[in-house]
Structure formats: structure tokens, C-alpha cells
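To start, the structure itself, in C-alpha cells.
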Amino acid sequence: MLKPIIPMEPVSSDIIPQGSDWIAQIKWDGVRILTYFEGHKVRLYNRRLRERTHHYPEITEVSAYCDARSVILDGEVIALGSDAKPSFHEVMRRDGIRRLEQVPRMQKLVPVTYMIFDVLFRNGEWLHSRPLQERLAILAEVVKPTDHIQPVSSHANAHGLFEAVKQHEMEGIVLKQVMSPYVIGVKHDAWLKIKNYRDLIAVIGGFTFREGGMSAVLLGLYDEAHRLHFIGQTGAGTLTQQEWKALGEVLRLSVIPESPFVNKPKRQANVRWVRPMIPVKIKYAEWTAGRSLRQPTLQALVEMAPEACTFRAETQQT
Amino acid sequence: MHTVWKGSISFGLVNIPIRMFTATEHRDVRFRQLHSVCSTPIRYAKTCPTCDREVDASEIVRGFEYEKGNFVIVKDEDLERITPETRKAIEILDFVELSEIDPIYFEKSYYLSPQETGEKAYALLREAMRQSGKIGIARLTLRNRQSLAVIRIYGPAILMETIFYPDEVRSVAQVPALPADDVELAENELSMARQLIENMSTTFDPSQYTDLYRQELHELIEKKLEGQEVAAAPAAPKANVIDLMQALKESIAAAEKAGIDKPARLKTDPTGADQTGNKPSAAPAGTDQPAGRKKTTTKKLKRKKSGT
């Protein structure tokens, strides 16, 4: 039985490298999922090695779209939002399902597409040390697109692609060296991500309220001394009214008398402090000089240890 | 089934420790009320019309309206003082014939099962009641209220039915328009009616009676779920990935036509902060890359960036 691996990850970059030894792909904003197919048995795992086989029935019919006796595919499961753009919030409605009997219903509400960009194993043979261009050729050979399966296209003109991504307000692009191997379990600079917008995972340390309910949540990140710094506040963002309300109810239960932040948020009226427990994914434009986020918007609640919401993790992960 | 009460049956000098389970349940399809605009479940807010604001649970007290608009305030302490002593026992007072109790008295049924040490005494009481054919009249305190109950045998279990107190059963004399017993009836009509009853007589088989309306409601809901006629979801995305990919393709072509294939036009970094070191605690993303890779990027580009 194939043992799940930790996937290769790109390194953040601010510049697009030049040269014909790089290709560019769209960075699809979703959930990283690897598919392990061995004849009859199919398993799906995310990058933290949590099994997701039963969450995405659309992609477990491997023989319907992949011509191989056995295969490991790497890609991103995405779902489109109402603006027809990939929405992390939407895909989390599928990925976060706890009671699996909900899957068939949610499958109709939130259809997903598997954007496949790599193949690591085929017909009993590991391919990860082969150069990218060879793996992509094999990928094109074995995977045929369907309603829920799309191979990620590669582009020579990274600048043109980035321009298109900006125009469509998508997450960004990934540059990959065509001769590079797939380095398992490593964040490697043979892959570079260039982001159009940024995101990070922060923990909620308080909220503000107006008549009728919660108006914003206060966000924090931990420094190396495990002190929580206030970095900004955001409203409901892409959360639905129900989700925002439910979040408010949970937060109300974890109210504490003292601020958990080492620095004082400017606004102190109508604020309640909460035990930092709930990590959230935040999309933002940039950091200000004062260590706070410009234009933060709430994307989704995420499953993560609150103490892992650190400045360090943030600069590495996004 | 979950235990709703723990206590004992006390019967003469014998105490049988038991657990109690609700024996019946309503299976009605429950609906929630939603706001038709956004499908959010309606919340009930408790408000005070005088103060014109929502009222917290801690601000609410109990009042008995002894006449319109006039109240006696009854506090928790007041109630505690008169709450019957919770003896945690179903006290059997008498044994009577089941037929002596009209079904109108029955309120709610509970199964009783013995706790660890009570099995033998439970079996003994059950068998004795079976042989005598009698049922017990008992008293117990349930939810701060003293109740009257009947203890009887149902299959392998001892069953308890709470019953109404006599003054809780409305007098039949209050029912209007009941014909007197000595109304004259034609003999042939009466014999026809008796004949009809005879023909419709059968033995009671509860399984043949089902709640058709409930069944149909369930089917209706199933169908709506299958047909995606589901509220609450913000309209399922009509667009698909293929459309998006097509749109992207067109944008790339347009960008190329506009001459975007040179880095001179590039501005990838939305955060000037990274470059000036304002991003907290860690190195800006671009600086930890090995020199080997950087040689693939043009100097011209770097100059352009630091210049802006």
C-alpha cells in the first residue's frame, strides 16, 4: 500500500524569474489533495496527511479519468464562489464536513474541481526524481479532463499569465523549473509562488459589537516569545450571516476579562476579549509600517492549533 | 434511550432501584421559521416594551398575573421553599384493577428498568403483578411536581404512566349539546348501526395505522433535497471552471497582444512593506533565495523595483 507523502511546496517570491527553463502555472486557491490509486483502492490525503477520501466522491473514480493501473496525483481541489472565482471559503464547506452523511447533499451545493498539476507515481514506478517536463508529459498522457477533473496548464509567458490572474483577481501564479525533480516533503525554490493577494492564518483575540450583534473580530499573531500581537480587525468577509452569527455565539462563550494582546488595539469601546482559540484565514492587501494588515477580509475558519498562528509561520506559509 | 430519572420503586418495605426512560415520542415533522429573504432561522428576542430594548435572561423574573396587569413576583427561593421533598422514589400506595381507571387519566408513559442491584426485586414485583392482574397507584416527584402514576406491566417491562389528578380532568358536564340517554331510537336503525359495528370489528393491530401525512411530508422533503430545492445555500455557482479557464486564456492572449512578455511591466509585489523590512519578525520572502536562482532574474528588474 502506498504511504502518503508530504507534498512539495513552493517558496514565496516577489519576482518572476526569466528564462526558458521556467514554466508558469496558475495558483489555484483551494485545498491541496493528493490521490493515491492502486488498482481498486483509492485514497485521498491533504498536505497534513489527513485522509479526505470520503469528502470528494467526484475525484475518487480515478479510472474514469486516469489511464493508469496505479498512480499518485497531486493537485488542488477548488470550488467556485458566487463571483465564479475559486473560493477558499466555498471549498472549506466541503473539506470541513464532519458528518460524512452530509457529503452527498453538500456535493450538490458546492461542486468541486480537481486541478491536477503533478504525477509522482505511475504503474508501480516512482516518478518524483524525473524532471518536471517529463512528469508533465506523463500527466498529459494519463489524465483526461472531465467535469470535475482539469489538468493545470503550463505557460511560457509568466508575465502574461500573471496579468490575466490579476485581471481575474485570482490568488497568484507558481513558477516551476522544468528540469527540477519533485522534492517530497520540502518547501523548495525550484517552485516559486508569486501572489496577487496575500493570506495568512491569524487567531481571534477579541471582538467588537454593535447593537444587534458582533461587528468585527480582532486578529492576532504570536511572536517568538509567545506574545499575541494585535494585527487588525475584520468583519464577516465571505462568511454567511449564519456562520458569522454562530462564530459570535462561540466567541461570547470564551470571553475573558483581560486583553490577550500585548499591544493595545486602538479602539477599546464596545470590545470583548476572548481566549485565543479560533484560527481564521485572512486575505489582505499588505502589511502597514505599524505591523498591521491593510484590508483584511475573513475567508474561513481553519483547523489549526491557535499557538501555531505565528509571524514566523505566516511568512513561511503564504 | 437515555435515562430521564433515577430513583427507586418503594413498595412496602422493599426498595427497587430503577432508571426511567420515556416510552413514547412525537414523530411530527418539525419546521423552523426562516426569514424569507435570506433563509436565516428567526431568532426570538425577549424585549421590554417599556424600556424598548432586548432583555437578558438575568433580568427576567417570574410574575403571577392575579388580575389583568397586576402581578405577584415569585422568586426561585419562594418556589424552593415549597418544592416537595425530592424523595427519588415511586411510592406505590394501592393496587387496583386496570379497568377501574378510565384512559382519560393517562398522561405520559415511562419504561422502568432495574439498576444493578435491583434485578431480583424487579422480577419479583413484575411476576407478582402479572399473577394478580392488578396495577399499582403510585406517587412521585417529577420535575419539582408531585405526580400521580400507575404502575403496570407492559411486555417484559414495568411501565409507569403518569396520570392526571381528578381536578385536571374537565367535567363532561361542561360539554354542550349532548343528547339525553332516553332519546327515543328506532329499533331497526339501532340494529343496523349495531350490525355495522359488528362488521367493522377487528382486533387491535397498531402497526396498520401509520401517519400518512407525515410520510408524505418526508417524501416531499426528500424530493426537495434531491432536486436541490434547498434554501440557505447562496445560489449554487452556475459558472464552471472551464468558463473561467477560457476567460483566463483570453486575458493571456490580450496581455500578449499588449506586449506583456517583458519583465519591465511587472509589478508583482503588492506590499512595499516587504522590501523595506516592515513585515514583522521574519525575512521578506524574496531574500532567502539562493544566489544561484537569482541569476535568472534580470538586474534591470531589481533596479526597477527598488526604484519604485
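Note on A:Lys41 and B:Phe106: with the Förster distance fixed at 51 Å, the Cβ-Cβ geometry gives a FRET efficiency of about 0.35.
Size check on the range A:169-318: the Cα extents along the three principal axes, sorted descending, read 58, 35, 28 Å.
Which of the trypsin sites (Lys or Arg not before Pro) across the range A:1-84 are loop residues per DSSP, with 14 or fewer other Cβ within 10 Å?
Taking the range A:1-84 and a limit of 14 other Cβ atoms within 10 Å, the loop trypsin sites (Lys or Arg not before Pro) found are A:Arg48, A:Arg50, A:Arg69.
Summing Cβ point charges (Lys, Arg +1; Asp, Glu -1) relative to the Cα centre of the protein assembly as shown gives a dipole of roughly 4500 debye. Across the options B:Gly63, B:Ile9, B:Cys38, the greatest Cα extent toward the positive end of the charge dipole of the range B:5-77 (unit charges at beta carbon of Lys, Arg, Asp, Glu) belongs to B:Ile9.
Element breakdown for the protein assembly as shown at a 1.4 angstrom probe: carbon and sulfur atoms account for 52% of the accessible area. A plus B alone minus the pair: what accessible area, both sides summed, probe 1.4 Å, in Å² to 100? Separately minus together, A and B give about 4800 Å² buried.
Chain A has equivalent-ellipsoid semi-axes of 36, 23, 17 Å, by the square roots of 5 times the alpha carbon gyration tensor eigenvalues, sorted largest first.
Within the range A:215-273, the GluC sites (Glu not before Pro) that combine a DSSP coil assignment with at most 12 other C-beta atoms in a 10 angstrom radius are A:Glu224, A:Glu258.
Computed from the C-beta positions of A:Lys108 and A:Ala246, the FRET efficiency with R₀ = 22 Å rounds to 0.50. Around the Cα centre of the range B:138-210, unit charges on the Cβ atoms of Lys, Arg, Asp and Glu (plus for the first two, minus for the last two) sum to a dipole of about 780 debye. In plain terms, the chain from B:Tyr165 to B:Tyr66 could stretch by 33.3 nm, reckoned as 0.36 nm per residue minus the Cα-Cα distance. Extension gain for A:Val271-A:His226 works out to 13.9 nm (0.36 nm per residue, less the C-alpha to C-alpha distance). Compared with the alpha-carbon gap, the fully stretched path from B:Leu225 to B:Ala157 is longer by 20.5 nm at 0.36 nm per residue.
In the calculated pair-distance distribution of the protein assembly as shown, the portion above 48 angstrom amounts to 40 percent of the Cα-Cα pairs. Spread over its residues, the convex hull of the C-alpha atoms of the range A:10-156 is 130 Å³ per residue.
Assuming charge only on the beta carbon of Lys and Arg (+1) and of Asp and Glu (-1), the dipole of the range B:1-131 about its Cα centre is about 560 debye to the nearest 20. Label-to-label distance for B:Ser207 and A:Ala308 is 5.3 nm, based on points extended 7 Å past Cα in the beta-carbon direction. On the beta carbon distance between B:Leu34 and A:Glu51, with R0 = 51 Å, the FRET formula returns roughly 0.90. Here's the picture: a label point sits 7 Å out from the Cα of B:Thr117 along the beta-carbon direction, and within the range B:1-36 the residues with their amide nitrogen under 14 Å of it are B:7-9, B:14-18.
The trypsin sites (Lys or Arg not before Pro) of the range B:1-68 that DSSP puts in a loop, and whose beta carbon has at most 13 other beta carbons within 10 Å, are B:Arg27, B:Arg30, B:Arg32, B:Arg43, B:Lys46, B:Lys68. Using only the C-alpha atoms, the convex hull of the range A:87-175 corresponds to 148 Å³ per residue.
Evaluated on the range A:1-76, the Kirkwood hydrodynamic radius is 14.2 Å, with distances taken between all distinct Cα atoms. Using just its DSSP H runs of length 4 or more, each adding -39500 (n - 2.57), chain A gives a mean residue ellipticity at 222 nm of -5000 deg cm²/dmol after division by all residues.
Diffusion coefficient of the range B:1-153 by Stokes-Einstein, Kirkwood radius over Cα pairs, 10 °C, 1.306 mPa s: 80 µm²/s. Note on chain A: GNM, Cα springs under 10 Å; of A:Ala140, A:Ala158, A:Ala84, the largest mean-square fluctuation is that of A:Ala84. Derived value for the range B:100-218: Kirkwood hydrodynamic radius 19.0 Å. Basis is the mean of 1/r over every pair of different alpha-carbon atoms. Once backbone amide H atoms are built at 1.01 Å from N, B:Ser147 has B:Leu140, B:Thr141, B:Leu142 as its partners under 5 Å, excluding neighbours fewer than 5 places away on the same chain.
The values are calculated or read from the model by the stated rules, or taken from the named source; none is laboratory data. Given the structure is predicted, the values throughout are model-derived calculations rather than measurements. Here Cβ is always computed from backbone atoms with ideal geometry, including for glycine, and neighbour counts include all displayed protein chains. Please note that ligands, DNA and RNA were not included when accessible areas were found on the heavy atoms of the full protein model with its side chains. Shrake-Rupley method; radii C 1.70, N 1.55, O 1.52, S 1.80 Å.
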